[in-house]
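Visitor: Sending over a structure as C-alpha coordinates; questions will come in a sec.
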Amino acid sequence: MRAALLVVAVAGCTHLPPLAPRSPSQPEVRQLDVGRGTNAFVVMGARPILVDTGWGDLTPKVERALRDNGIAPDQLALIVLTHGHGDHAGGAARLHQLSGAPVVAGRGDVTMLQAGHNRPLRPTGFLGKLLRSYSDRPFPPVTPDITIDGELDLAPYGVAGKLVPVPGHTPGSLVVVLATGDVIAGDLLRGGIGHSPQRHLFHDDCRADEAHIAPLVEAGGRRFYVGHGGPVDAQAARKALHGQGCPE
(Lines give C-alpha, C1' and ligand atoms only; values in the text may rest on other atoms or scores of the structure.)
Protein backbone atom coordinates (compact mmCIF):
# COMPACT_ATOMS: atom_id res chain seq x y z
CA MET A 1 0.00 0.00 0.00
CA ARG A 2 2.83 2.41 0.86
CA ALA A 3 4.46 1.73 -2.48
CA ALA A 4 1.20 2.47 -4.29
CA LEU A 5 0.76 5.74 -2.40
CA LEU A 6 4.35 6.72 -3.22
CA VAL A 7 3.75 6.11 -6.92
CA VAL A 8 0.61 8.26 -6.82
CA ALA A 9 2.43 11.01 -4.93
CA VAL A 10 5.34 11.04 -7.37
CA ALA A 11 2.98 11.00 -10.36
CA GLY A 12 1.20 14.03 -8.94
CA CYS A 13 4.39 16.08 -8.57
CA THR A 14 4.27 17.90 -11.89
CA HIS A 15 5.51 21.31 -10.76
CA LEU A 16 9.04 22.20 -11.84
CA PRO A 17 11.19 24.53 -9.71
CA PRO A 18 10.91 28.27 -10.47
CA LEU A 19 12.99 29.50 -13.38
CA ALA A 20 16.07 31.51 -12.45
CA PRO A 21 18.35 33.66 -14.63
CA ARG A 22 20.90 31.65 -16.58
CA SER A 23 23.89 32.27 -18.79
CA PRO A 24 22.72 33.71 -22.12
CA SER A 25 24.63 30.92 -23.89
CA GLN A 26 22.74 28.18 -22.00
CA PRO A 27 19.11 29.30 -21.83
CA GLU A 28 16.44 26.97 -20.51
CA VAL A 29 13.27 26.38 -22.52
CA ARG A 30 10.15 25.61 -20.54
CA GLN A 31 6.93 24.59 -22.26
CA LEU A 32 3.67 26.05 -20.95
CA ASP A 33 0.29 24.43 -21.51
CA VAL A 34 -1.91 27.44 -22.26
CA GLY A 35 -5.11 25.58 -23.07
CA ARG A 36 -6.96 23.90 -25.95
CA GLY A 37 -3.94 21.90 -26.98
CA THR A 38 -1.69 24.91 -27.54
CA ASN A 39 1.79 25.50 -26.13
CA ALA A 40 3.63 28.69 -25.26
CA PHE A 41 7.23 28.81 -24.07
CA VAL A 42 9.50 30.69 -21.72
CA VAL A 43 13.14 31.02 -22.75
CA MET A 44 15.12 31.88 -19.64
CA GLY A 45 18.51 33.46 -20.21
CA ALA A 46 19.62 36.56 -18.33
CA ARG A 47 15.93 37.52 -18.45
CA PRO A 48 12.82 35.59 -19.53
CA ILE A 49 11.40 35.80 -23.04
CA LEU A 50 7.82 34.63 -23.67
CA VAL A 51 7.23 32.90 -26.99
CA ASP A 52 3.56 32.89 -28.04
CA THR A 53 0.62 33.81 -25.85
CA GLY A 54 -2.21 31.33 -26.41
CA TRP A 55 -5.88 32.02 -27.09
CA GLY A 56 -7.18 35.48 -26.23
CA ASP A 57 -9.85 34.24 -23.81
CA LEU A 58 -7.35 32.06 -21.93
CA THR A 59 -4.80 34.74 -21.03
CA PRO A 60 -5.34 34.20 -17.27
CA LYS A 61 -4.06 30.65 -17.80
CA VAL A 62 -0.85 32.08 -19.32
CA GLU A 63 -0.48 34.47 -16.37
CA ARG A 64 -0.86 31.55 -13.93
CA ALA A 65 1.66 29.48 -15.87
CA LEU A 66 4.18 32.30 -15.67
CA ARG A 67 3.61 32.70 -11.92
CA ASP A 68 3.89 28.93 -11.41
CA ASN A 69 7.34 29.18 -12.99
CA GLY A 70 8.37 32.07 -10.75
CA ILE A 71 7.97 34.81 -13.36
CA ALA A 72 6.03 38.04 -12.90
CA PRO A 73 4.83 39.61 -16.17
CA ASP A 74 6.91 42.75 -15.59
CA GLN A 75 10.07 40.61 -15.66
CA LEU A 76 9.59 39.69 -19.33
CA ALA A 77 12.21 41.13 -21.66
CA LEU A 78 10.32 40.36 -24.88
CA ILE A 79 7.15 38.74 -26.22
CA VAL A 80 7.74 36.83 -29.46
CA LEU A 81 4.89 35.76 -31.73
CA THR A 82 5.87 32.89 -34.00
CA HIS A 83 2.94 33.86 -36.21
CA GLY A 84 -0.30 35.77 -36.17
CA HIS A 85 -2.97 33.11 -35.66
CA GLY A 86 -5.28 33.61 -32.69
CA ASP A 87 -4.20 30.51 -30.78
CA HIS A 88 -0.64 31.88 -30.66
CA ALA A 89 -1.16 35.64 -30.61
CA GLY A 90 -4.53 36.01 -28.88
CA GLY A 91 -3.07 36.98 -25.49
CA ALA A 92 -0.40 39.35 -26.82
CA ALA A 93 -2.32 42.60 -26.27
CA ARG A 94 -3.13 41.78 -22.64
CA LEU A 95 0.34 40.45 -21.81
CA HIS A 96 1.97 43.49 -23.38
CA GLN A 97 -0.28 45.68 -21.24
CA LEU A 98 0.66 43.76 -18.09
CA SER A 99 4.37 43.48 -18.74
CA GLY A 100 5.36 46.48 -20.84
CA ALA A 101 7.55 44.05 -22.82
CA PRO A 102 7.79 44.78 -26.55
CA VAL A 103 5.95 42.44 -28.91
CA VAL A 104 7.86 41.21 -31.96
CA ALA A 105 6.29 39.54 -35.00
CA GLY A 106 6.98 38.92 -38.65
CA ARG A 107 6.08 41.79 -40.96
CA GLY A 108 3.91 39.57 -43.13
CA ASP A 109 1.45 38.94 -40.28
CA VAL A 110 0.98 42.53 -39.10
CA THR A 111 -2.30 43.04 -40.97
CA MET A 112 -3.74 39.87 -39.46
CA LEU A 113 -2.61 40.84 -35.95
CA GLN A 114 -4.08 44.32 -36.24
CA ALA A 115 -7.37 42.89 -37.53
CA GLY A 116 -7.64 40.37 -34.68
CA HIS A 117 -8.67 37.67 -37.12
CA ASN A 118 -6.87 34.87 -38.93
CA ARG A 119 -6.28 34.90 -42.64
CA PRO A 120 -8.38 32.18 -44.34
CA LEU A 121 -7.04 28.86 -43.09
CA ARG A 122 -5.93 26.42 -45.79
CA PRO A 123 -6.26 22.82 -44.56
CA THR A 124 -3.53 20.32 -45.45
CA GLY A 125 -5.82 17.32 -45.02
CA PHE A 126 -9.12 15.98 -43.77
CA LEU A 127 -8.51 16.76 -40.09
CA GLY A 128 -7.76 20.37 -40.94
CA LYS A 129 -11.02 20.64 -42.86
CA LEU A 130 -12.84 19.15 -39.88
CA LEU A 131 -11.25 21.55 -37.35
CA ARG A 132 -11.10 24.73 -39.43
CA SER A 133 -14.16 26.38 -37.85
CA TYR A 134 -12.93 25.48 -34.34
CA SER A 135 -9.51 27.01 -35.04
CA ASP A 136 -10.78 30.21 -36.64
CA ARG A 137 -11.73 32.49 -33.73
CA PRO A 138 -11.35 36.28 -33.46
CA PHE A 139 -8.86 37.58 -30.91
CA PRO A 140 -7.91 40.93 -29.32
CA PRO A 141 -6.00 42.87 -31.99
CA VAL A 142 -2.42 43.88 -31.35
CA THR A 143 0.13 46.04 -33.14
CA PRO A 144 3.66 44.66 -32.74
CA ASP A 145 6.29 47.03 -31.37
CA ILE A 146 8.94 45.36 -33.54
CA THR A 147 8.34 43.83 -36.97
CA ILE A 148 10.95 41.83 -38.82
CA ASP A 149 11.50 40.40 -42.27
CA GLY A 150 15.10 39.37 -41.55
CA GLU A 151 16.97 37.82 -38.63
CA LEU A 152 16.87 39.50 -35.22
CA ASP A 153 19.64 38.92 -32.65
CA LEU A 154 18.29 38.11 -29.18
CA ALA A 155 21.51 39.04 -27.33
CA PRO A 156 20.10 42.46 -26.28
CA TYR A 157 17.29 40.53 -24.54
CA GLY A 158 19.65 38.26 -22.60
CA VAL A 159 19.63 35.14 -24.79
CA ALA A 160 22.19 33.73 -27.22
CA GLY A 161 19.96 33.12 -30.21
CA LYS A 162 18.03 34.76 -32.99
CA LEU A 163 14.66 35.05 -34.64
CA VAL A 164 14.58 33.68 -38.17
CA PRO A 165 11.73 34.27 -40.66
CA VAL A 166 10.20 31.04 -42.06
CA PRO A 167 7.26 32.16 -44.24
CA GLY A 168 4.94 29.37 -45.27
CA HIS A 169 2.55 28.53 -42.46
CA THR A 170 1.71 32.24 -42.61
CA PRO A 171 3.53 35.03 -44.48
CA GLY A 172 5.09 36.31 -41.25
CA SER A 173 5.96 33.04 -39.51
CA LEU A 174 9.26 32.96 -37.63
CA VAL A 175 11.20 30.60 -35.38
CA VAL A 176 13.43 31.11 -32.36
CA VAL A 177 16.84 29.51 -32.93
CA LEU A 178 18.95 29.11 -29.77
CA ALA A 179 22.68 28.50 -29.48
CA THR A 180 21.88 25.23 -27.67
CA GLY A 181 20.32 23.70 -30.81
CA ASP A 182 16.77 24.15 -29.53
CA VAL A 183 14.35 25.68 -32.03
CA ILE A 184 10.96 27.05 -30.98
CA ALA A 185 9.17 26.42 -34.24
CA GLY A 186 5.58 27.55 -33.78
CA ASP A 187 3.44 25.81 -36.40
CA LEU A 188 6.23 24.87 -38.79
CA LEU A 189 5.04 21.36 -37.91
CA ARG A 190 3.24 19.67 -35.03
CA GLY A 191 3.90 16.80 -32.66
CA GLY A 192 1.92 13.60 -32.89
CA ILE A 193 1.68 10.50 -30.73
CA GLY A 194 5.01 9.70 -29.10
CA HIS A 195 6.48 13.04 -30.19
CA SER A 196 6.34 11.97 -33.82
CA PRO A 197 6.69 14.79 -36.39
CA GLN A 198 3.48 15.56 -38.26
CA ARG A 199 2.49 18.06 -40.92
CA HIS A 200 0.49 20.92 -39.46
CA LEU A 201 -3.24 21.01 -40.13
CA PHE A 202 -3.06 24.35 -41.96
CA HIS A 203 -0.46 26.09 -44.12
CA ASP A 204 -0.74 29.10 -46.38
CA ASP A 205 2.02 27.51 -48.47
CA CYS A 206 2.88 23.95 -47.45
CA ARG A 207 5.93 23.57 -49.70
CA ALA A 208 7.45 26.87 -48.57
CA ASP A 209 6.83 25.97 -44.93
CA GLU A 210 8.43 22.53 -45.00
CA ALA A 211 11.38 23.69 -47.11
CA HIS A 212 12.66 25.46 -43.97
CA ILE A 213 13.09 22.23 -41.98
CA ALA A 214 16.29 20.93 -43.59
CA PRO A 215 18.19 24.26 -43.40
CA LEU A 216 17.33 24.58 -39.71
CA VAL A 217 18.69 21.08 -39.05
CA GLU A 218 21.81 21.75 -41.13
CA ALA A 219 22.41 24.92 -39.11
CA GLY A 220 22.55 22.89 -35.89
CA GLY A 221 18.90 22.50 -34.87
CA ARG A 222 18.49 19.42 -32.66
CA ARG A 223 15.01 19.72 -31.22
CA PHE A 224 11.86 21.49 -32.37
CA TYR A 225 9.54 22.84 -29.69
CA VAL A 226 6.20 23.16 -31.48
CA GLY A 227 2.93 24.92 -30.83
CA HIS A 228 0.91 21.70 -30.58
CA GLY A 229 2.30 18.50 -29.10
CA GLY A 230 6.02 17.83 -29.15
CA PRO A 231 8.82 18.44 -28.66
CA VAL A 232 10.05 16.76 -31.84
CA ASP A 233 13.49 15.48 -32.79
CA ALA A 234 14.76 17.72 -35.60
CA GLN A 235 16.40 14.93 -37.61
CA ALA A 236 13.20 12.89 -37.43
CA ALA A 237 11.23 15.91 -38.66
CA ARG A 238 13.60 16.36 -41.57
CA LYS A 239 13.29 12.71 -42.53
CA ALA A 240 9.50 12.67 -42.21
CA LEU A 241 8.55 15.98 -43.83
CA HIS A 242 11.26 17.55 -45.95
CA GLY A 243 10.55 17.00 -49.64
CA GLN A 244 7.31 15.16 -48.93
CA GLY A 245 4.60 16.00 -51.42
CA CYS A 246 2.15 18.64 -50.25
CA PRO A 247 -1.59 18.64 -51.02
CA GLU A 248 -2.66 20.79 -53.93
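Visitor: Among the candidates Ala185, Ala214, Ala208, single out the residue that is in a strand (DSSP E or B) and within 27 Å of Ala240 (Cα to Cα). Before the answer, list the steps.
Guide: Working: Ala214 fails: in a strand (DSSP E or B); Ala208 fails: in a strand (DSSP E or B).
Criteria check complete, one pass: Ala185.
Visitor: Would you check if Ala65 is without any contact (Cβ under 8 Å) to a residue 40 or more places away in the chain, surrounded by 18 or more Cβ atoms within 10 Å (Cβ to Cβ) and farther than 28 Å from Asp209 by Cα? Walk me through it before giving the result.
Guide: Values: without any contact (Cβ under 8 Å) to a residue 40 or more places away in the chain: yes; surrounded by 18 or more Cβ atoms within 10 Å (Cβ to Cβ): yes; farther than 28 Å from Asp209 by Cα: yes.
In short, yes.
Visitor: If we scan the stretch 226-242, do we find a residue that is at pLDDT below 95, of a type outside the set (A, V, I, L, M) and more than 13 Å from the chain's Cα centre (by Cα)?
Guide: yes
Visitor: Now for a separate question. Going residue by residue through the stretch 204-221, is there one that turns out to be in contact with an Asp or Glu (Cβ under 8 Å, 6 or more places away or on another chain) and surrounded by fewer than 22 Cβ atoms within 10 Å (Cβ to Cβ)?
Guide: no
Visitor: Going through the stretch 124-160 one residue at a time, which ones are over 30 Å from Pro21 (Cβ atoms), among the aliphatic types (A, V, I, L, M) and surrounded by 18 or more Cβ atoms within 10 Å (Cβ to Cβ)?
Guide: None - no residue of the stretch 124-160 is over 30 Å from Pro21 (Cβ atoms), among the aliphatic types (A, V, I, L, M) and surrounded by 18 or more Cβ atoms within 10 Å (Cβ to Cβ), so the list stays empty.
This table checks each residue for (1) of a type outside the set (Gly, Ala, Ser); (2) under 23 Å from His203 (Cβ atoms); (3) over 18 Å from the mean Cα position of the chain (by Cα).
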site	(1), (2), (3)
Asp57	yes, no, no
Lys61	yes, no, no
Arg107	yes, yes, no
Thr124	yes, yes, yes
Gly128	no, yes, yes
Pro138	yes, yes, yes
Pro144	yes, yes, no
Leu154	yes, no, no
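Visitor: Would you check which residues across the stretch 188-205 are touching a helix residue (DSSP H, G or I) at 6+ places or on another chain (Cβ under 9 Å) and not in a loop (DSSP other than H, G, I, E, B) and list them?
Guide: Let us first name the residues in the stretch 188-205 that are touching a helix residue (DSSP H, G or I) at 6+ places or on another chain (Cβ under 9 Å), namely 188-189, 195-203.
Result: His195, Pro197, Gln198, Phe202.
Visitor: Further question: Given the conditions (1) β-branched (Val, Ile, Thr); (2) touching a helix residue (DSSP H, G or I) at 6+ places or on another chain (Cβ under 7 Å); (3) free of Cβ contacts under 8 Å to residues at least 60 places away in the same chain, report the number of the one that Thr170 does not fulfil.
Guide: Going through (1) β-branched (Val, Ile, Thr); (2) touching a helix residue (DSSP H, G or I) at 6+ places or on another chain (Cβ under 7 Å); (3) free of Cβ contacts under 8 Å to residues at least 60 places away in the same chain one by one, Thr170 breaks only (3).
The values are calculated or read from the model by the stated rules, or taken from the named source; none is laboratory data. Please read these numbers as outputs of a predicted model, since none were measured by experiment. Counting neighbours? That spans all protein chains shown, and the Cβs are built from the backbone with ideal geometry, glycine included.
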